[in-house]
Amino acid sequence: MAITTDRSPTDGSSPDAVRDDVNRGREEVRSLGARTAEITEDLRELARREMALAQAEMADNRQRLMTGSTAGVAAGVFAFWLLGFLGLAMMFGLMEVWPEWAAALATAGAWLLLAAVAAFVARSRFKDFSPTPKRTMASLKEDAAWLRRLTRRNAGSANSGP
């Protein structure tokens, strides 16, 4: 906001006119101060909301990490115990029709296949995990672009004064 007057104090204007001009100028300064305070408060609120978004996104990432970790631990436990107990049962059953070495090899292959499936599930869960809050970063970039546009527009309007 530029202070504009049609009169200047040196052109023989009355003291009342000068006083009116000064009062108008004061009001414009007060208005500018109030607008600056509003912008500052808006920026604070924006920062609070961005922080809340980042916290929510990190909580979501933690949940994905926990799910993936649980699947990975389950894969390891199943591979360990199943290879120990069920592997023996499978091998003893196959030894009825195949030689011992073939039964042991087929049992190991079957458990290797199950462990690979469990590992694939764990990998797919970890693939969805990202330690970077992507939505928050995108929102911050939008906010920065908005602030740049606002600053340029305000700088342009301030320069186009009288």
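Every number in this text was worked out from the coordinates using simple rules, so none of it is lab data. Not measured: the values here are computed from a predicted model. Positions of Cβ are backbone-derived with ideal geometry, glycine not excepted, and every protein chain shown enters the neighbour counts.
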- Determine the gain in length on full extension of the stretch Ala59-Leu147; use 0.36 nm per residue of separation and subtract their C-alpha separation, reporting nm with one decimal. 28.9 nm
- Query: Given Pro15, Gly87, Ala37, which one lies farthest toward the positive end of the charge dipole of the range 9-152, if we put +1 on the Cβ of every Lys and Arg and -1 on the Cβ of every Asp and Glu?
  - Reply: Gly87
- Task: Using only Cα atoms, tell me the angle between helix 100-127 and the longest principal axis of the chain; keep it within 0 to 90° and round to the nearest 10.
- Result: 10 degrees
- Lys/Arg +1, Asp/Glu -1 at C-beta; the chain dipole; positive extreme among Val77, Ala102, Ala47: Ala102
- Message: With a 10 Å cut-off between alpha carbons and a GNM built on the chain, which of Met66, Met95, Met58 moves the most?
- Response: Met95
- Message: Just checking my list [x] 122, 22, 12; [y] 52, 42, 26; [z] 43, 36, 32 against Cα extents along the principal axes in Å computed from this structure; which label fits?
- Response: [x]
- Item | Helical contribution to [θ] at 222 nm, DSSP H n ≥ 4, -39,500 (n - 2.57), averaged over the chain, rounded to 500 | -30000 deg cm²/dmol
- Restricting attention to the range 41-111, which GluC sites (Glu not before Pro) occupy a DSSP loop and are surrounded by at most 10 other Cβ atoms within 10 Å? Glu96
- Query: the range 15-116: which chymotrypsin sites (Phe, Trp or Tyr not before Pro) are DSSP loop and have at most 10 other beta-carbon atoms within 10 angstrom?
  - Reply: Phe85
- Message: Compute a Gaussian network model of the chain, connecting alpha carbons closer than 10 Å, and tell me which residue from Asp16, Asp143, Asp128 fluctuates the most.
- Response: Asp16
